[in-house]
Structures are given as structure tokens and as C-alpha cells.
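Structure, as C-alpha cells:
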């Protein structure tokens, strides 16, 4: 009986585990190994260079700039997405009619590809010429057209990047919050009302948020990892045939241009990727420790 | 275990390669018998080019040549494919890059051009040559130049600019609330212009002996002038199409645009005679006008299983078949043939702006040097972008670039 159980375990888990090992762990370890070699245009290098790639990456102000930019970006986009999606979830949760309609409408953008959304934002909404949508609206008020993505000062490109990301992501996290909200026992709200808690902020602060703790932790972790993995919409919004501007450049995009794309300095690129992975690990570990995800919704 | 997992990794890469190739591999072999060769091209925008290269391949008798037409980030695709066994035998490349040559990823093709080497334009054969050997056969010459709308310049009382200062002034005068003076690309010019302004100031990216060619106050002075274009708001930014597409120019969003020779047929179709072309204007006392030239070349992968057959095929197509080279350069898009003898016999290139472009290429053409690696390019382009758009101090920006570039050039020299 136990042997049969083991067999079925491997039948179901095996393909996934194999895929995970083959496509995630092997390349991951390979990349760590590459980061200690002078690996230009080869994945089987022989020239061991020790930590030289790491000193090169950390001494490269293009890379450190991109890391700094991305810490700031994360610090901004994570709380904003959190607040937006939680607010949407609270509102959708309260509507009496057409809840499924609103849920679907807000969730729909999550089904859109980052690339497609980025191109719509770039070419029609925030195109820099006078007939772009945003510039048409500005034109009604007699303002000059703004080159949204092309002027670093003031940095309007952040408006474009942040709105596309919010549009794409908010609905998805709203669904997670909705699921969490629907698991809260209505008895708690009734008890609070009996105890004289006013609906609104007090209930949100003392009942809803503590009850949503586990969901919140999961959402925050996903948001942080997502922010550091940013590539698609940045690349599609800001790159052109000849490269990428030196602002709003995610670390992955920088590594793509300098080391992992046409110029294949795979040792340097791997070192950068390992550093990025470490940063993500440290940030999420710190966050997990601070938020204590071990406590469940029920314990709140 | 080590070699097993290495192989599986490569197989995984190959699998991904096959998946991406599905859409583009026509599966059709060439007309001949003998070994199979796979020949990669990047996606050309002009109608008929793909059918043309299929036709050339089908006409080759000594091997069965399959064409792969690859849209998307072609240079990155080839760079990745060259690491695997499933890559191309023959591929066209904007390079090959220095590190592809030094890493032994492409074959030495010097013997293929024996006797006809002098017939290739030096400006495009130079960047395909490393340590005296030729690593790719130039297919066609592409160049970038400045288009201007004659009627708009006349209305504004502006002469076609011959100096950088005149260009800055002209762009300012041509700008009004509907039309911008100049379009250098949506990034303000850092990407499209590259080293062109430095050449126009009489400088270069890399010197003959492999040193930094723009270390001095002249470079900072010239690049600083580009910021004035941005500060005066004479530059078109955020256009729906980028500099390589003449749409912004022919739609009247800009009076002048930096673009490629490939755009010329479309510009002529839309604007008739109402346009002219110029090289990038000179700057300073040592300045000379400059245009950027480049060439896709045919290279042979060192991982090919049929190296000799692949070389033989490249010799046949890009050295011997003059008729196909002519057809490829002039029948679809608009390029200058890489062979001097061929360009001289092309009536399409004898008059009007096309003749000007050929003259600019011969007199003022500069190609990106082979030693100008992606690391150099990124560092320089970042600085140029900050100078143009953020008004960063050109001297301190260039100092940082010179430091990075000379470290990179030292690396290249040291291990060669």
C-alpha cells in the first residue's frame, strides 16, 4: 500500500519536480558557477577569476544606479498597489448588486499581457505627439504636448510606468483580498457593532486588517518580488532599437544590455543576477520576519 | 554528472530554440543535394526580401539550404544560438562582435575574398576584419543621414545647415507649435547618432592603435551643443515611430529627421522632390561632415557540422553571384551594394539624393569600430543621453566614459 502511494506521489510530483530541477535549479546553480569565471560567449568557461566579476558589477555605477532606482521604485509601488487593491476589494465587497460584474471588470486587466499594455500606453495614451490621448486632454486646456517617456526632467516617465503597472496588477491583488475578506466571519463584525465600534475606520483598523494579515503578507511578498523582477513593461516602454535610456532602468534590463544580450559577458551578468537575487532574498526575508506570516487569518 | 547536466542544459536551450523557430522555419530545403545548411536572416521590413533570399537558396546546387527568417531581437537570438548545437550554419550579422570572434564562435572567411578584397568598401570591410582576417562577408552598405524638407526650410528662410551651430539654429527656427525642427529619435539622439557627432568634430571612437579617440575638450564641446537642441525644445520626442522610420518626417511632424538610407524610397514616394539629404554637419576647426555606415555581413558558425560546405555556399552567394547581390541591395529596400564595382554600375544610385548618399558614404562614412564593444556602447550612450536630455556636464560625463572605455580596450588588448 505504501509503495503504491509512493508510486502515485512520483507520478504526480515527478514531472513537476523534474521540470523544476531542470529549468530552475540547474540553470540557477550554473549561473552561480558562471559568476566566478571569465565566461564571454561561452557557457562552459575554463578561466576561473574568483570574485572579479562581483567587484566589477559592484564597481559599475550603471548597475548600482539601477539597484538604487529599484529600491526606490519598490518602496513606492508596493504600498501604492497594496492600498489600491485593498480599497477596490473593500468597495467591491460592499456592493450589493452586480458584484460579479465589478469583480470581473477590475480583474480583466490582469489577463492582459504586459507587452501589449505597455505598447498601448506608449503609442496611444502617452504618445509624445500632439494627438496622443494624454496630450489631447492637455491641449483642451491650452497646454503644450509633453514627451511623456522621453524627458527625464520632470520625470513624467514614472507616471506612465506606474499607471500601467497599477492597471495591470491591482485587479489581481484585489481578487486575493476579496478571497481574504470573504473568509472573515461576519460574527466578528456583529460583535464589534454590539460593542459600539463605529463602522468605517475603527472596524477596518481593528477587525478587517488584523483578519487579513496572512493575505497581506502574501500580497506584499508577491509585490516586492514582482517589483524586482520588473522587465517587460520597462523594456517595452523605454527601449528602442539602439538601447535603453540611463533612467528608470531595472537591474535586469541593464544586465540584458551589457552582459546577457548581444554582448555575452555571462560571468558579469551572472554575478549581477546573483547580487539581485540576494537583494530580493534579504528584502523578503526581512519583510517576512517583520510581518510574521506564521500567524494565520484566524489568529488575528 | 557534470557533463550530463551540461548536455541537458544545452538541450534545454536547444528546445527553446526549436520552439521559437517554429514560426519562422519554412522547412523548405534548397534546390540542391548534399548537406543541409541552415541560413539565418533578420526580418527585413521590405516586401519581397524573404522571397528573394529563398530564391537564391533554392538556386544553390551543392547543398540544401533552408532559410530561417527571424523577427525580433535578432542579434540577441544569434548570440544565444551560437552557444548551442542547434544554431545556424550561416547567419547574417551586424557583427560578428569582437567577443564572438575572439571566442572562436565564427570561422575565418579570409580565403573567400581572395582577389576581390579591394572591391569591398573599406569602411564596411574594416569592422569585419580582426587581426588581418575577415570574419564576415559584407552584404550591403547601410547608412544614416539627415533628411530635410526643402519647402519648410524655404518658408522659414533657412539654408540647409553645414555646421552643427547652423543645425541648432535651423532646428530652432523651424520649430513652431505644430512642427518640430529636428527628429533624432525618441531618445533625443543618443541611440541613433552614436559616435557620429564625434566624427563630425574630427574625432573618433577608437584610434588606429586601439586607444580612446575622444579624450579631450573638443568632444565635450560638440556633445554639449546637442543639449541646446533639447533645451530649445526643437527636438521631436515621443513620436509614434522611431528615427529609423520616416513616418514622422513624411507626416510633417518634423522639418528634418535623422534616418537611414533605407527610408529613401518611402520619402521619395510621399514627398516627391520636396526633400534633400545631408551628412551630419561638421563642428569646430578640425570638423568634417560625417555619416554612419554599417553592414550586415554573412558569417559562418564555428559549430556548424558542415563548415566547408557552409563557407562554399557563402562564397557562392556573397562573392560570386553578383546578380543576386545587386538584386538584394536594390530591388527591395534601398541599400548601397557592398561591392564598389557593383555600386558604380547601378543607375538607381546615379542621381538625386541617392547619388548624394553614395558620395557621403565614400567621403564621410564611418563605421562603428569592432573594438567598440557593447560595454563601451552602453557607457557612451548613457552619457550622451544624460548630456542631451538632462543637461549633464559633458566634461565630467565624458571623463567617466573615457575611464570605462579605456578599461574595456585594455582588456581587449591584453588578452589578444
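When you count, for each residue, the other Cβ atoms within 10 Å and take the mean per peptide, how do B:296-305, A:128-137 rank with the highest first? Intermediate results must be reported in sequence, preceding the final value.
Numbers: B:296-305: 22.5, A:128-137: 16.8.
Packing proxy ranking, top to bottom: B:296-305, A:128-137.
Which whole-number value in Å³ per residue fits the convex hull of the alpha carbons of the protein assembly as shown?
Values: hull volume 146.4 nm³, N = 716.
Given the Cα convex hull of the protein assembly as shown, per-residue volume reads 204 Å³.
Per residue of A:150-157, how many C-beta atoms from partner chains lie within 10 Å of its own C-beta, taken as a mean? If you can, show how the numbers build up before the last one.
Working: counts 11, 7, 8, 4, 0, 0, 1, 0.
Across the residues of A:150-157, the mean count of other-chain Cβ atoms within 10 Å is 4.
So what is the diffusion coefficient of region B:201-265 in µm² per second by Stokes-Einstein at 37 °C and 0.692 mPa s, using a Kirkwood Rh over Cα pairs?
Numbers: Rh = 14.4 Å.
Here the translational diffusion coefficient equals 228 µm²/s.
Quick one: the Cα spread of region B:244-364 along its three principal axes, in angstroms, biggest first?
Result for region B:244-364: principal-axis Cα extents of 52, 37, 28 Å.
Report, please, the projected area of chain B averaged over directions, based on the convex hull of its C-alpha atoms, in nm². Can you show the working numbers first?
Working: hull surface 84.4 nm².
Result: a mean projected hull area of 21.1 nm².
Connecting C-alpha atoms closer than 10 Å in a GNM of chain B, tell me which of B:274, B:356, B:215 has the biggest fluctuation.
It is B:274.
What does the average come to when, for each residue of peptide A:246-254, you count the partner chain Cβ atoms lying within 10 Å of its Cβ? Let's see the in-between values first.
Details: counts 13, 5, 0, 1, 0, 0, 0, 0, 2.
Per-residue shielding by partner chains comes out at 2.
Gap in Å between the Cα centre of region A:14-54 and the Cα centre of region A:209-246?
Between the Cα centre of region A:209-246 and that of region A:14-54, the gap is 25 Å.
If you average the sequence gap of Cα pairs under 8 Å that are 6 or more apart and divide by the length of region A:116-213, what percent do you get for the contact order?
Details: 68 pairs, mean separation 16.6, N = 98.
Rounded, it is 17 percent for region A:116-213.
Taking the simple approach of a point 7 Å from Cα along Cα-to-Cβ for both residue A:281 and residue A:18, what is their distance in nm?
Distance between label points: 2.8 nm.
Please state the relative contact order of region A:51-299 as a whole percent: Cα pairs under 8 Å, 6+ residues apart? Spell out each step's value before the answer.
Values: 248 pairs, mean separation 68.6, N = 249.
Reported as a whole number, the value is 28 percent.
Which of B:279, B:138, B:374 ends up with the largest GNM mean-square fluctuation for chain B, with Cα atoms connected below 10 Å?
For chain B, modelled as a Gaussian network with Cα springs under 10 Å, the answer is B:374.
Could you work out [θ]222 nm for chain A from helices alone, using -39500 (n - 2.57) per DSSP H run of at least four and dividing by all its residues? Round to the nearest 500 deg cm²/dmol. Could you put the intermediate results ahead of the total?
Values: 13 runs with 182 residues, N = 300.
Using -39500 (n - 2.57) per qualifying helix, the result is -19500 deg cm²/dmol.
Just to be sure I understand the model, the point goes 7 Å from the Cα along the line to the Cβ. What's the resulting residue A:125 to residue B:36 distance in nm?
4.6 nm
Which of B:38, B:331, B:396 ends up with the largest GNM mean-square fluctuation for chain B, with Cα atoms connected below 10 Å?
Taking springs between Cα atoms under 10 Å, the residue moving most is B:396.
Tilt of helix B:217-231 relative to the longest C-alpha principal axis of chain B, in degrees (0 to 90, nearest 10)?
70 degrees
When Cβ neighbours within 10 Å are restricted to other protein chains, what is their mean count per residue of peptide B:236-244?
Going residue by residue through B:236-244 and averaging, the value is 6.
Treating region A:51-299 as a set of equal point scatterers at the Cα positions, no solvent, please give the Debye-formula log₁₀ I(q)/I(0) at q = 0.10, 0.15 Å⁻¹.
Cα-only, vacuum Debye calculation for region A:51-299: -0.62, -1.12.
Hey, how much of the P(r) for region A:1-160 falls beyond 21 Å, as a percent of Cα pairs? Provide the component values of the computation, followed by the final result.
Numbers: 9497 of 12720 pairs.
When all Cα pairs of region A:1-160 are counted, 75 percent exceed 21 Å.
Place a point 7 Å from Cα of residue A:115 in the direction of its Cβ. Which residues in region B:239-273 have their backbone N less than 20 Å from it?
Hits in region B:239-273 for residue A:115 at 20 Å: B:241-242.
Can you tell me which of A:111-117, A:8-14, B:143-149, A:242-248 comes out highest on packing, and rank the rest after it, using the mean Cβ neighbours within 10 Å? Before the final figure, lay out the partial values.
Values: A:111-117: 14.3, A:8-14: 10.4, B:143-149: 24.6, A:242-248: 21.6.
Highest mean packing first, the order is B:143-149, A:242-248, A:111-117, A:8-14.
For chain B, what relative contact order do you get, as a whole percent, if you take Cα pairs closer than 8 Å and at least 6 residues apart?
Working: 766 pairs, mean separation 94.5, N = 416.
Relative contact order, chain B: 23 percent.
Along the Cα-to-C-beta direction of residue B:414, a point sits 7 Å from the Cα; which residues of region B:353-386 have their amide N less than 17 Å from that point?
Those under the cut-off are B:373, B:375-376.
Every read-out reported here was derived from the displayed coordinates using simple, explicitly stated rules and does not represent laboratory data. Please read these numbers as outputs of a predicted model, since none were measured by experiment. Glycine also receives a Cβ, built like all others from the backbone with ideal geometry; neighbour counts cover every protein chain displayed.
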